[in-house]
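Peer 1: What follows is a single structure, and I will ask about it in a moment.
Every number in this text was worked out from the coordinates using simple rules, so none of it is lab data. Since the structure is predicted, the reported quantities are computational estimates derived from the model, not experimental observations. Quick reminder, even Gly has a Cβ in these numbers, built from the backbone with ideal geometry, and neighbours come from all protein chains shown.
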Amino acid sequence: MIHSRDVNLWYGRKQVLFDVTLDILANCTTSLIGPSGCGKTSFLRCINRMNDIIHSCRVSGEIRVGGIEVYSPKTDVVMLRKKVGMVFQVPNPFPKSIYENVAYGPMIHGKNDRRKLDAVVERSLREAALWDEVKDDLQKSAMELSGGQKQRLCIARALSIEPEVLLMDEPCSALDPIATAKIEDLINKLKEKYTVVIVTHNIQQAARISDYTAYFYLGKIIEFGKTSEMFEKPKEKSTEMYLTGRFG
Amino acid sequence: MGQKKLSERAIEWGASAVAHASILIIALIFLFLFAEGYKIFAYDDPLHIFFGTDWQPTSQNPRYEMLALIVGSLVVTLGAMLIAIPLGVGCAIYLSEIAPPHLAEILKPIIEILAGIPSVVLGFFALVVLAPLISLAFGVPSGLTALNGALILAVMILPTIETISEDALRAVPKGFREASFAMGATHWETIRHVAVPAAMPGITVAILLGFGRAIGETMVVLMATGNASIMPTGLLDPVRAMTSTIASEMGEVAQGSAHYFALFMVGCILFAISFAVNLAASMIVKRGQNS
Ligand SMILES: Nc1ncnc2c1ncn2[C@@H]1O[C@H](COP(=O)(O)OP(=O)(O)OP(=O)(O)O)[C@@H](O)[C@H]1O
Ligand SMILES: [Mg+2]
């Protein structure tokens with residue numbers, strides 16, 4: 001689904017990613033792990049070109065998502081981002097109603113029919129396992145939700161435009177264990193329909209929810225493989241040390 | 001809770017004393033204005049005073065009807081708002097969302113300089129430069145009209161509206177914009193549907209404060225609008241604002257005369273309007289802080 005070839009990334013003169021080559025399979029959950037500052041977020045943001053809005057950022061190499069050549073000058077970034085949704089570390093719903101948050105994406109992409117929007121909002125909120133908690137008051141401001149509900153709302157918002165890939169950057173780091181468990185359940189369901197790439201600092205979480213894991217260290221991929229295999233018998237010394245908590 | 005230190009309590013007490021004193025001062029000012037102003041009701045009834053249009057305080061048969069002055073103020077102010085809101089908010093959007101940082105750094109001080117020009121200089125400019133142009137462009141005998149006042153007032157309040165709106169836009173969290181971009185929204189859609197709505201309370205405050213400044217401005221309107229106390233029928237009529245009426249007549253009026261009381265009543269109206277506007281602005285700020 002996502003193929004990355006020799007991706008290098010610089011912020012100004014500082015190189016942050018080195019020849020990242022990675023193949024992410026469709027309908028799987030892939031986690032990106034590694035110590036802080038190793039470039040997980042930077043790589044994730046390459047996939048939907050969110051790095052474009054950082055002026056100092058430069059990328060070389062090749063990424064393909066489905067049929068889209070991500071860094072080709074001909075690529076329509078709007079089309080790409082419709083296909084690749086993103087959920088951020090800090091829940092960031094718009095200061096609007098729950099309904100408007102979820103309807104935002106479809107609306108800017110030209111869907112204005114009220115009945116169709118209603119249907120999209122319901123489907124997305126159901127997929128994000130939030131529907132039952134908010135269905136009675138969709139006009140309530142999203143700012144009044146709890147942290148975990150906000151994050152699920154952000155997931156619903158990302159799902160509203162039916163992406164194929166969902167990128168998640170530490171989606172649980174601001175949440176308590178119960179809210180985290182809910183989101184993990186949700187991610188396990190989402191992979192039936194979506195390809196999920198998730199950055200996490202929680203190694204148990206990676207073990208619980210992901211099929212594949214990529215271990216980043218200092219901007220390079222040190223090891224990539226099936227989560228079960230890697231966690232049982234890491235091939236690299238550095239991976240083993242990270243997984244056993246001896247650094248990171 | 002543990003005992004507060006004495007010094008801490010002294011500071012708290014001092015701060016609350018200052019806060020209460022300023023409320024007291026405002027109340028006293030209004031009381032003082034009203035104590036003099038209400039005496040005008042002995043000369044004519046409130047209905048005539050507030051809704052009549054005949055302001056003839058020095059004629060043989062004096063009239064103290066204020067509607068023409070109130071409307072004069074409102075016409076000039078609203079005209080100025082009509083120009084300054086789109087320009088000011090537009091500039092704020094451009095500088096905070098679109099302009100490359102180095103350009104914003106050049107433009108920002110220029111707008112701030114505009115805010116520093118003394119109003120008498122702007123008034124002079126309106127009198128000598130703008131008025132003849134208006135007279136030429138619209139074929140009216142004198143360019144000293146409501147339009148002239150509105151134009152120059154717009155220049156005056158533009159920095160207020162621009163600066164506060166820009167601050168409000170810059171305070172919109174980056175995460176909102178990122179979320180919007182990540183949904184495939186364009187830059188323009190993000191500005192229109194996310195950044196501006198999120199900054200709306202601040203922009204409203206900017207507009208209210210601009211309004212308050214415009215309606216309280218004296219020198220510019222005195223010099224630019226022709227000062228005829230007649231009911232205006234359009235932007236090309238000369239008008240006289242409440243502020244300029246007080247400024248130009250207070251110096252010659254006999255203390256304790258009906259005219260004197262009437263001017264105080266005009267002051268009360270002005271005070272009430274700007275108090276209401278400022279109260280609305282601070283309520284919006286307060287509500288924003290709570291949520
Ligand atoms: N906008 C930026 N400008 C300059 N340098 C940046 C920027 N964003 C990240 N970096 C640098 O790039 C490196 C990788 O950062 P990145 O955010 O990708 O790491 P990460 O693996 O996501 O870390 P964490 O686990 O702490 O989130 C860091 O050294 C960081 O300082
Ligand atoms: Mg990160």
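Peer 1: Measuring from label point to label point, each 7 Å out along Cα→Cβ, what is the A:Asp132 to B:Arg287 span in nm?
Peer 2: Simple spin-label model gives 3.6 nm for this pair.
Peer 1: Restricting things to alpha carbons, tell me how big the stretch A:114-227 is in terms of Rg and Dmax, in Å.
Peer 2: Rg and Dmax of the stretch A:114-227, Cα atoms, are 15.4, 49 Å.
Peer 1: Rounded to the nearest Å, what's the spacing between the alpha carbon centres of the stretch A:1-42 and the stretch A:119-161? Just the number, please.
Peer 2: Centre-to-centre distance over Cα atoms comes out at 30 Å.
Peer 1: Now, a different point. Less than 14 Å Cβ to Cβ from A:Arg246, Lys/Arg counted +1 and Asp/Glu -1: what total charge do the surrounding residues give?
Peer 2: So the environment of A:Arg246 carries a net charge of -1.
Peer 1: Let me ask something else about it. Tell me what chain B gives for mean residue ellipticity at 222 nm when only DSSP H runs of n ≥ 4 count, each as -39,500 (n - 2.57), the sum divided by the residue total, rounded to 500 deg cm²/dmol.
Peer 2: -23000 deg cm²/dmol, from helical runs alone.
Peer 1: Okay, moving on. When the Karplus curve 6.51 cos²θ - 1.76 cosθ + 1.60 is applied with θ = phi - 60°, which whole-Hz ³J(HN,Hα) does each residue of the stretch B:263-276 get, with x for Gly and Pro?
Peer 2: 5, 5, 5, 4, x, 4, 4, 4, 4, 4, 5, 6, 5, 4
Peer 1: Which of B:Ala272, B:Ile230, B:Leu127 sits closest to the plus end of the dipole of the stretch B:46-290, meaning its Cα is farthest towards the positive end, when Lys and Arg get +1 and Asp and Glu get -1 on the C-beta?
Peer 2: B:Ala272
Peer 1: Averaged over B:171-181, how many beta carbons belonging to a partner chain fall within 10 Å of each residue's beta carbon?
Peer 2: 5
Peer 1: Put a dot 7 Å past each Cα toward the Cβ at B:Ile110 and B:Ser22; how far apart are the dots in nm?
Peer 2: Computed distance between label sites B:Ser22 and B:Ile110 equals 3.5 nm.
Peer 1: Separate question: Going by amide H atoms built from the backbone, whose H comes under 5 Å of the H on B:Gly184, apart from near neighbours?
Peer 2: Answer set, sorted by chain and number: none.
Peer 1: Kindly state, as a whole number, the per residue volume in cubic angstrom of the convex hull around the alpha carbon atoms of the stretch A:8-119.
Peer 2: Enclosed volume per residue, from the Cα hull, is 152 Å³.
Peer 1: Once the Cβ-Cβ distance between B:Ala137 and A:Asp19 is put in as r, and R0 is 51 Å, what FRET efficiency do you end up with, to the nearest 0.05?
Peer 2: 0.15
Peer 1: Let me ask you something else. Net charge around A:Val7, counting only other residues with Cβ within less than 14 Å of its Cβ (Lys, Arg = +1; Asp, Glu = -1)?
Peer 2: Neighbour charge sum, excluding A:Val7 itself: +2.
Peer 1: Ok, one more. Mark the label point 7 Å from the Cα of A:Leu218 along Cα→Cβ and return the residues of the stretch A:1-16 whose backbone N is within less than 14 Å of it.
Peer 2: A:15-16
Peer 1: Would you work out the Kirkwood radius for chain B? I mean one over the mean of 1/r across all pairs of different Cα atoms, in Å.
Peer 2: Mean inverse Cα-Cα distance, inverted, gives 21.6 Å.
Peer 1: Please get the size of the charge dipole for chain A, origin at its Cα centre, with Cβ charges of +1 on Lys and Arg and -1 on Asp and Glu, quoted in debye to the nearest 20.
Peer 2: 500 debye
Peer 1: Mind putting a number on the dipole of the protein assembly as shown about its Cα centre? Charges go on the C-beta only, +1 for Lys and Arg and -1 for Asp and Glu, and I need it in Debye to the nearest 20.
Peer 2: 1400 debye
Peer 1: Next question, about the same structure. I need the P(r) histogram for the protein assembly as shown: all alpha carbon pairs, bin width 20 Å from 0 out to the longest distance, whole percents.
Peer 2: 18, 36, 27, 16, 3, 0
Peer 1: Could you tell me which of the pairs A:Lys189/A:Lys235; A:Lys40/A:Lys83; A:Lys135/B:Lys174 are separated by over 22 angstrom between their Cα atoms in the structure shown?
Peer 2: A:Lys189/A:Lys235; A:Lys135/B:Lys174
Peer 1: Between A:Met241 and A:Ser173, take the C-beta separation as r, use R0 = 22 Å, and let me know the FRET efficiency to the nearest 0.05.
Peer 2: 0.50
Peer 1: Quick one: dipole size for the stretch B:46-290, taken about the Cα centre, charges +1 on Lys/Arg Cβ and -1 on Asp/Glu Cβ, in debye to the nearest 20.
Peer 2: With only Lys, Arg, Asp and Glu charged at Cβ, the dipole is about 380 debye.
Peer 1: Between B:Ser96, B:Ser119, B:Ser22, which gets the highest mean-square fluctuation from a Gaussian network model of chain B, Cα cutoff 10 Å?
Peer 2: B:Ser22
Peer 1: Follow-up question, since we're still on this one. For an R0 of 56 angstrom, estimate the FRET efficiency from the Cβ-Cβ distance between A:Glu229 and A:Arg58 and round to the nearest 0.05.
Peer 2: Efficiency, rounded to the nearest 0.05: 0.95.
Peer 1: Under a 10 Å cutoff between Cα atoms, tell me which one of A:Ile209, A:Ile108, A:Ile63 has the largest fluctuation in the Gaussian network model of chain A.
Peer 2: Result: A:Ile108 has the largest fluctuation of those listed.
Peer 1: Another question, if that's okay. By per-residue mean of other Cβ atoms within 10 Å, what is the highest-first order of A:212-218, B:137-143?
Peer 2: Per-residue Cβ counts within 10 Å, averaged per peptide and sorted highest first, yield A:212-218, B:137-143.
Peer 1: Dipole of the stretch B:46-290 (Lys/Arg Cβ +1, Asp/Glu Cβ -1, origin at the Cα centre): which of B:Thr190, B:Phe50, B:Ala84 lies farthest to the positive side?
Peer 2: Toward the positive end, the furthest listed residue is B:Thr190.
Peer 1: Next up: Run the helix sum for chain A: -39,500 (n - 2.57) per DSSP H stretch of 4+ residues, divided by residue count, reported at 222 nm to the nearest 500 deg cm²/dmol.
Peer 2: Helix contribution divided over all residues of chain A: -10500 deg cm²/dmol.
Peer 1: Considering just Cα atoms, how many Å³ per residue does the convex hull of chain A enclose?
Peer 2: Dividing the Cα hull volume of chain A by its residues yields 123 Å³.
Peer 1: Starting at the first residue of the stretch B:109-118, write each ³J(HN,Hα) from the Karplus equation 6.51 cos²θ - 1.76 cosθ + 1.60 with θ = phi - 60°, in whole Hz, x for Gly and Pro.
Peer 2: x, 4, 5, 5, 5, 3, 5, x, 5, x
Peer 1: Roughly how crowded by other chains is peptide A:105-112, in terms of the mean Cβ count from those chains within 10 Å of each of its Cβ atoms?
Peer 2: That average works out to 3.
Peer 1: Among the DSSP beta bridges whose two residues both lie in the protein assembly as shown, what percent are antiparallel, rounded to the nearest 5?
Peer 2: Percentage antiparallel, nearest 5: 60.
Peer 1: Would you be so kind as to identify which of B:Ala206, A:Pro163, B:Ile152 lies farthest towards the positive end of the dipole of the protein assembly as shown, taking Lys and Arg as +1 and Asp and Glu as -1 on Cβ and the Cα centre as origin?
Peer 2: Farthest towards the positive pole: A:Pro163.
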